[in-house]
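One structure is given here, and the rest of the page talks about it.
Throughout, read-outs are computed from the coordinates displayed, never taken from laboratory work. All values reported here derive from a predicted model rather than from experimental measurement.
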Amino acid sequence: MLGEQLGTVSGEVTGLRVLSTDGGHAVTESSFSGTGTLLGVAVKDLGTYEAVVQADGTLFGEGHGISMTQAGETITWHGSGVGRFNESGGVSWRGALFYETAAAQFARLNGTATVFEFDTEESGKVSGALYEWK
């Protein structure tokens, strides 16, 4: 069951590259940078994920990143998800993230499963929302 919304992010893709085409399955790497909120606190978010194009045209991705506050607190994350190309030429991702931090104000994220919606546009713009999974 979905719980409360934990955060949002908006930004842009900062890098794309092809890692492999072995066996006819393209593997790409994408990086993004954005700003948003996490538990009501302003953060800068940086992330990189690898995506594999599946035989049916969907994508499977795994990634990791870091969210940072202006005070220098850091929250790392890793996760995976499924992507589908959308009509705008971007990709709509849905998946799960797991956080780790020593920052006291974000400690509730440790051991919490979260789910995300993350959408990219052909122009490189990205936006997303994060929810607690109870």
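Each residue of segment 17-24 is assigned a 3J(HN,Hα), and the resulting list reads 7, 8, 8, 6, 10, 4, x, x Hz, derived from the Karplus form 6.51 cos²θ - 1.76 cosθ + 1.60 (θ = phi - 60°), x at Gly and Pro.
Any idea what % of Cα-Cα pairs in the chain are farther than 22 Å? Walk me through the numbers before you get to the answer.
Values: 3071 of 8911 pairs.
Of all Cα-Cα distances in the chain, 34 percent exceed 22 Å.
The rule of thumb for compact globular proteins, 2.2 N^0.38 Å, goes into the C-alpha radius of gyration of segment 49-101 1.39 times. The relative contact order of segment 1-54 comes to 34 percent, based on Cα pairs under 8 Å that sit 6 or more residues apart.
Take every Cα pair under 8 Å whose residues are at least 6 apart in sequence, average their separation, divide by the length of the chain, and the relative contact order is 23 percent.
Normalised by residue number, the volume inside the convex hull of the Cα atoms of segment 24-80 is 79 Å³ per residue.
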